[in-house]
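Structure, as structure tokens:
Quick note: the coordinates plus some simple rules give every number you see, no bench work behind them. Only a predicted model underlies this, so the values are computations on that prediction, with no experimental measurement involved. All Cβ positions, even for glycine, are placed from backbone atoms using ideal geometry, and neighbour counts span all protein chains on display.
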Amino acid sequence: MFKNKHLKEIFEKALYRNFISLIPVWIVIFLYYRPDYFGSSWFNILLIDNQIIFQYFLINYVNIYLQTYVYCHKGENRWQLQAYQTVFELSIILLICIFAHLDLRIFIKIAYGVNLLRSVFLTIMSSFVLILTSDLKPKIILHIPHSSKDIPHYKGFLLGDKKDEKIITDKIEDESKYLCDTLSDKLFSRDYETIVKADFSRVFCDVERFADDEKEEMAKKGMGVLYETFDDGEKMREISEELRNEILEEYYYPHHEKLTEAVEHQLKKHGKAIIIDCHTFPDKPFKRDTNQNTPRPDICIGTDDFHTSQSLIEFTVDYFKKHGYTVELNTPYSGTIVPEEFYRKNKNVMSIMIEVNKKLILYGNFENEVLFFKKLKKEISDYILMLKKRIKKY
Ligand SMILES: [Zn+2]
């Protein structure tokens with residue numbers, strides 16, 4: 001239906017938010033009216049018995065609270081707005097009824113009618129408004145390379161004979177869990193931003209590495225774009241030239257194309273693009289990590305001399321320090337992703353890496369974990385929002 005991918009994404013979001021969440025309401029109405037529903041006029045729909053009115057209210061408000069919960073969960077607080085809107089709307093109708101000397105039943109009917117029409121109106125309007133305004137404001141590009149644990153296929157992996165195969169595939173899966181940036185997708189994802197996420201494990205193909213092993217320092221340790229060893233140094237996979245080309249063509253390049261496209265789109269619309277390279281890291285270093293120093297900071301900010309401006313670094317470091325975290329620059333991990341096409345060529349393509357220490361969101365007791373996770377997610381979401389507002393300053 002839409003050629004433009006961004007429009008498609010927005011339309012789907014609006015559709016999901018509005019139409020799908022209204023399905024229970026429509027089902028109740030349909031069940032009560034069945035054939036005559038379609039034959040009746042809008043006016044008749046308003047003059048229905050009180051039973052359905054209460055049910056409608058109930059469902060509609062459950063629906064509103066569910067939607068509000070989803071918004072809050074994604075770091076936007078709409079409880080107040082929603083409550084004010086409802087109280088305001090009902091007060092106006094009540095006042096009209098009092099002044100017009102109408103009884104309570106009429107009040108309920110009018111309130112129901114207004115609510116129904118509002119739902120229809122909002123469903124249609126918000127879809128269009130979202131579509132029309134989607135590109136008016138810049139979007140931050142959230143690059144999430146290491147959140148997946150999925151191994152699409154085991155070609156080239158040294159699986160031994162049949163009886164060893166299960167043990168070895170289990171070991172590969174464990175490695176994939178061990179090396180994955182746990183929860184980085186949930187922590188950084190934010191509505192209305194552009195998310196470029198790898199849907200396969202870094203153990204299968206690490207999109208954060210250079211495709212060319214000559215340029216990639218980690219390739220010497222058997223962990224270039226296609227890992228050949230486990231973290232403990234044991235041999236894991238044999239990469240033939242053919243397999244290498246196959247994985248790069250099917251997984252690595254398409255991922256980078258998506259990132260390049262997202263950057264191009266922001267440059268075209270807003271003249272600037274900001275990428276946040278989103279990661280989480282273990283408190284205890286991996287064996288192959290170059291930097292083995294401990295203790296590690298809560299937040300590690302990775303920068304690039306050309307693509308991360310001083311003001312962006314200062315703003316980011318100050319922001320997380322102000323929220324009580326220990327922050328270090330390029331320690332223990334350094335650098336940040338920039339698509340090759342713009343690398344060291346275009347200063348309007350900005351990039352900063354944020355690595356969150358997993359100890360902040362894991363390893364605690366369950367209750368604390370959830371609380372810390374929510375708190376940090378909200379802080380990161382606010383950070384992204386502030387970045388968007390100040391985008392011209394960087
Ligand atoms: Zn990572």
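A few notes on this one:
- Percent RCO, i.e. relative contact order, over segment 141-393, from Cα pairs under 8 Å lying at least 6 residues apart: 21 percent
- Taking each of Lys162/Lys235; Lys269/Lys374; Lys345/Lys392 in turn, the alpha-carbon distance tops 24 angstrom for Lys269/Lys374.
- Global geometry of segment 275-338, whether rounded, prolate or oblate, following the gyration tensor of its Cα atoms and the 1.5 cut on a/c: oblate
- By the beta-carbon count within 10 Å of each Cβ, the least crowded to most crowded order of Lys269, Lys345, fewest first, is Lys345, Lys269.
- Among the listed pairs Lys272/Lys322; Lys149/Lys389; Lys197/Lys358; Lys347/Lys389; Lys258/Lys388, those whose Cα-Cα separation exceeds 25 Å are Lys272/Lys322; Lys149/Lys389.
- Net length available on complete extension from Tyr178 to Asp212 is 9.7 nm, with 0.36 nm assigned per residue and the Cα-Cα distance removed.
- Three-way shape call for segment 147-226 based on the alpha-carbon gyration tensor, with the a/c threshold at 1.5: oblate
- A simple charge model with +1 on the Cβ of Lys and Arg, -1 on the Cβ of Asp and Glu and nothing else charged puts the dipole of segment 141-393 at about 1340 debye relative to its Cα centre.
- Each peptide among 175-183, 161-169, 195-203 gets the average number of other Cβ atoms lying within 10 Å of its residues, and from highest to lowest they stand as 195-203, 175-183, 161-169.
- Compared with the direct C-alpha span, the chain from Lys321 to Asp161 gains 52.3 nm at full extension, assuming 0.36 nm per residue.
- Each of Leu94 and Phe306 was given a label point 7 Å from its Cα along the Cα-to-Cβ line. The distance between the two points is 6.4 nm.
- Separation in nanometres of the label points that stand 7 Å from Cα toward Cβ, at Asn291 and Leu362: 1.9 nm
- Segment 141-393 - Rg and Dmax from Cα coordinates, angstrom: 18.4, 60
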